[in-house]
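First up is the structure itself, then whatever we jot down about it.
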Amino acid sequence: QVVVEERLLTAEEYFATCHRENTELINGKVIEHMPPGEAHGFLAINIGMFLKMWARKNNAGRVYGETGFRLRRNPDTVR
């Protein structure tokens, strides 16, 4: 019996080599997904606009859109 060990990527390797808008790194593995549609884009920009206005008014930090964030280490998860 042959056991093949799949190599898991770190967040740094993912961003340097294969990060695209339609991928995420989940527990060290690159996962492809369908790109978001029109309804998603419409809702995201409108919700983001109100969040940004509130954050600015209340000096409450930054608001981000479609940005990759490392949520976990070893194995890494980037969403």
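Each value in this text was obtained by applying a stated rule to the coordinates, not by laboratory testing. Computed from a predicted model, the values in this text were never measured in an experiment. Don't worry about glycine lacking a Cβ; one is built from the backbone with ideal geometry, like all the others, and counts go over all protein chains shown.
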Report summary line: With the chain reduced to its Cα atoms and the Debye formula applied, log10 I(q)/I(0) at q = 0.23, 0.24, 0.27 1/Å amounts to -1.03, -1.05, -1.14
**Report entry** Virtual spin-label span in nm between LEU51 and HIS33, 7 Å along Cα→Cβ
**Finding:** 1.4
Requested in this report: Among TYR64, MET53, ASN27, flag the residue with its Cα farthest along the positive direction of the charge dipole of the chain, charges on Cβ as +1 for Lys/Arg and -1 for Asp/Glu.
Outcome: MET53
Requested in this report: Please return the longest stretch of the chain lacking exposed loop sites, where GluC sites (Glu not before Pro) count only if DSSP places them in a loop and at most 10 other Cβ atoms lie within 10 Å.
Outcome: 22-65
Report task. Could you work out how far helix 38-57 tilts from the main Cα principal axis of the chain, as a 0 to 90 degree angle to the nearest 10? Result -> 60
